[in-house]
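K.L.:
Below is the structure I would like to discuss, written out as structure tokens.
The values are calculated or read from the model by the stated rules, or taken from the named source; none is laboratory data. Keep in mind the model is a prediction, meaning the values are calculated, not measured. With ideal geometry, Cβ positions are generated from the backbone for all residues, glycine too; neighbour counts draw on all protein chains shown. Accessible surface areas use protein heavy atoms only, side chains included; no ligands, DNA or RNA. Shrake-Rupley method; radii C 1.70, N 1.55, O 1.52, S 1.80 Å.
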Amino acid sequence: MLPIRSSRRAAAPRLARLAIAVSLATTCGAGVSLAADVVHVPVTDDMLLNAQRESSNWLMAGRDYAGTRYSPLAKVNTKNVKRLVPVWNFSFGTLDAQNTTPLVVDGVMYVTGSHGRIFAVEAATGKELWSYAHPLPENIGKMMCCDVGNRGAAVYGSKVFYATPDAHVLALDRETGKVVWDVTVGDWTKAQTMTVAPLVVKGKVVVGMSGAEYPTRLWIDALDADTGKQVWRRYTIPAPGEPGSDTWGTTDADIWKYGGGSTWITGSYDPDLDTLYWSTGNPNPDWDGENRRGENLYTNSTLALNPDTGDIKFHYQYTPWDVWDYDGVNETILANIDGKKVWLHGDRNGFLYSIDRTNGKFDWAREISVVNWATGFTPDGKPIVDPDKVPSYEHKAVNVCPASEGGKWWNPMSYHPVNKTVVVPSREICADLLSGPSERVEGKYNLGLAEADWIKGYGQLVGFDAKSGEKLWTVKAPSPFTSGVLTTGGDLAFAGTPEGEFKAYDIRTGEELWSYQTGSGIVGSPITYTVNGRQYVAIPSGWGGWTGWATWGGKGGAPHLKNQRKGGTLFVFALVDK
């Protein structure tokens, strides 16, 4: 039997934690449970609020409400990381993009796979406890721009929650994998699809939508964790008469119905300010801005929301009137720096931002990669756009930096709060762009791109000073870093590559200290946890997604990635004795 911890952290109020030993030997839904004795401890609000202190666990996709992806664990460190070896692995049984971040609760791991699958396994051994496979429509892949992947689950009480490509949100019993509730929140035939890892805040399961490459209007939903009933919905494109509706131009009265604004990356939560931060993606059409001249709120923004109602308190917009497909949906990391509450956001437009999270005011922006579409910022934080880098029907914008594949993509960065260092997975790539008239047809790509020629680039992992935005170090690579990043109390930063290399770096210098070949490209995110005092590091491997077949595998990109091997395996590492 896996151990029950005898004590909780002293800094937070202790709540009763019920240990339930169960013997699993049943078949449930589309999944199978295997016999095992397991301890399932209910996950409480108190645990989530103090997740940063739960060093043995990994309780949510970003590890804590601040989304730091930092663990204080230090048994694996710069001095001994070379002794890290694989101790078990687990096959997902599916190919394509394994985008997930695993979760660990008191020795049990919950990990999603591509094509609507989720598994519970013993975190020390990899033994499967149960699995569930949500049945998907046969042609769902045609309605998703970037593979039939999933970015992870959420745990709360006795349930584990995850979203499916066909816009279902499911609550499963953590002990058995049996479906407790199954709610449909969108119409996948209209490209309202889901890849997001949910976030549980104050008893509500918060999720976001994919699909802005198609003509659709998207949103953030909050569902009651007990019942699945919708508590609120926040559309990211305002209807006529709502604040921001006047930022969509005057040539197309119906454009708000199809404005895009995806929300497919998990947000963050500040309990002191009682504010939920959730970022939004590109407007539709992606590159054709002729019929939507204006700032196009609330696309490419981070929204500060009331978690009880979904009302917008304030926002910051990274790329107004986006005609480059910069898709500002990336995560916001909440940091307290010299007494100031900020959020940190790395964007595909090429900038790393620091924004005051009490009011959305601009602090600073620094270049992650080469940027020339904007020449600077106004005092209130609006980018100053170079008109020569704006593509149109008549004007081909040459050497636009970054391309939509440049800057920082969705792959999450990590913040080390002790060293005040942000580690950003990035790519250096530019493009020549000519926009073209788009055709609005439900269920069909609506990109507005006539010509695009990508200029060969490279990948990089960049360490930034979170206080000043100064670049501390840069690791260059032949192709982009496509994994998420993990930082640890052992002064390590872990990241993975499309070539399948899982690497560890010294966070102080960027020096590479360790590497392991997983056999397939890495687009998931690493975590670390302990069981019985032993520290483990886990990484999902399995190539796919937009990076698997687009620019980097085609013209001007990295030809060696064009036919990259697919996989679907979780690798778990620990230190071997000297």
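K.L.:
Restricting attention to the stretch 103-114, does a residue exist that is open to solvent by 30 Å² or more (accessible area, probe 1.4 Å) and of a type outside the set (Gly, Ala, Ser)?
P.N.:
Within the stretch 103-114 (the criterion being open to solvent by 30 Å² or more (accessible area, probe 1.4 Å) and of a type outside the set (Gly, Ala, Ser)), the answer is no, since none of the residues qualifies.
K.L.:
Turning to a different aspect of this structure: Every residue in the stretch 150-208 that is of a type in the set (Lys, Arg) and open to solvent by 10 Å² or more (accessible area, probe 1.4 Å), please.
P.N.:
Once the filter is applied, which keeps residues that are of a type in the set (Lys, Arg) and open to solvent by 10 Å² or more (accessible area, probe 1.4 Å), the stretch 150-208 yields ARG151, LYS159, LYS178, LYS190, LYS202, LYS204.
K.L.:
May I pose another question? Taking the stretch 33-85 as the search range and keeping residues that are modelled with pLDDT of 95 or more and in a strand (DSSP E or B), which one is farthest from ILE337 (Cα to Cα)?
P.N.:
VAL85
K.L.:
Taking the stretch 386-423 only, how many residues are buried (at least 16 other Cβ atoms within 10 Å of the Cβ) and not in a loop (DSSP other than H, G, I, E, B)?
P.N.:
Of the residues in the stretch 386-423, 10 are buried (at least 16 other Cβ atoms within 10 Å of the Cβ) and not in a loop (DSSP other than H, G, I, E, B).
K.L.:
For the stretch 86-122, how many residues meet the condition of being more than 21 Å from LEU136 (Cβ to Cβ), outside any strand (DSSP E or B) and touching an Asp or Glu at 6+ places or on another chain (Cβ under 9 Å)?
P.N.:
Counting residues in the stretch 86-122 that are more than 21 Å from LEU136 (Cβ to Cβ), outside any strand (DSSP E or B) and touching an Asp or Glu at 6+ places or on another chain (Cβ under 9 Å) gives 1.
K.L.:
Starting from residues that are of a type in the set (S, T, N, Q) and in contact (Cβ under 8 Å) with a residue 40 or more places away in the chain, keep the ones in the stretch 45-78 and report whichever is surrounded by the most Cβ atoms within 10 Å (Cβ to Cβ).
P.N.:
That would be SER71.
K.L.:
I would also like to ask the following. In the stretch 138-158, what count of residues is obtained for those that are over 14 Å from the mean Cα position of the chain (by Cα) and farther than 22 Å from THR216 by Cα?
P.N.:
Number of matching residues: 4.
K.L.:
Could you grab me the full set of residues in the stretch 175-194 that are out of contact with any His (no Cβ under 8 Å at 6 or more places or on another chain) and part of a strand (DSSP E or B)?
P.N.:
Within the stretch 175-194, VAL179, VAL180, TRP181, THR193 meet the criteria.
K.L.:
Tell me whether the stretch 374-391 contains one or more residues that are over 14 Å from TYR326 (Cα atoms), touching a Leu at 6+ places or on another chain (Cβ under 9 Å) and aliphatic (A, V, I, L, M).
P.N.:
no
K.L.:
Here's another thing I want to ask about it. Being in contact with a Ser or Thr (Cβ under 6 Å, 6 or more places away or on another chain) and buried (at least 22 other Cβ atoms within 10 Å of the Cβ) is the requirement here; does GLY457 meet it?
P.N.:
In short, no.
K.L.:
Let me ask you something else. Evaluate the following for THR250: is it more than 30 Å from LYS159 (Cβ to Cβ) and surrounded by fewer than 21 Cβ atoms within 10 Å (Cβ to Cβ)?
P.N.:
When the stated conditions are applied, THR250 passes them.
K.L.:
Name the one entry in PHE119, PHE90 that is in contact with a Leu (Cβ under 6 Å, 6 or more places away or on another chain) and assigned by TED's automatic domain parsing to the domain that holds THR482.
P.N.:
PHE90
K.L.:
Next question. Between a first residue in the stretch 501-528 that is farther than 23 Å from GLY568 by Cβ and a second residue that is of a type in the set (Ser, Thr, Tyr) and surrounded by fewer than 24 Cβ atoms within 10 Å (Cβ to Cβ), which pairs have beta carbons less than 6 Å apart while being 6 or more apart in sequence or on different chains?
P.N.:
ASP506/THR78; ILE507/THR421
K.L.:
Any idea which of ASP363, ASP347, ASP356 is at pLDDT 95 or above, within 20 Å of VAL462 (Cβ to Cβ) and in contact with an Asp or Glu (Cβ under 8 Å, 6 or more places away or on another chain)?
P.N.:
Matching residue, one of ASP363, ASP347, ASP356: ASP363.
K.L.:
I need the full set of residues from the stretch 424-447 which are open to solvent by less than 10 Å² (accessible area, probe 1.4 Å) and not in a strand (DSSP E or B), in order please.
P.N.:
Listed by number, the residues that qualify are GLY436, ASN446.
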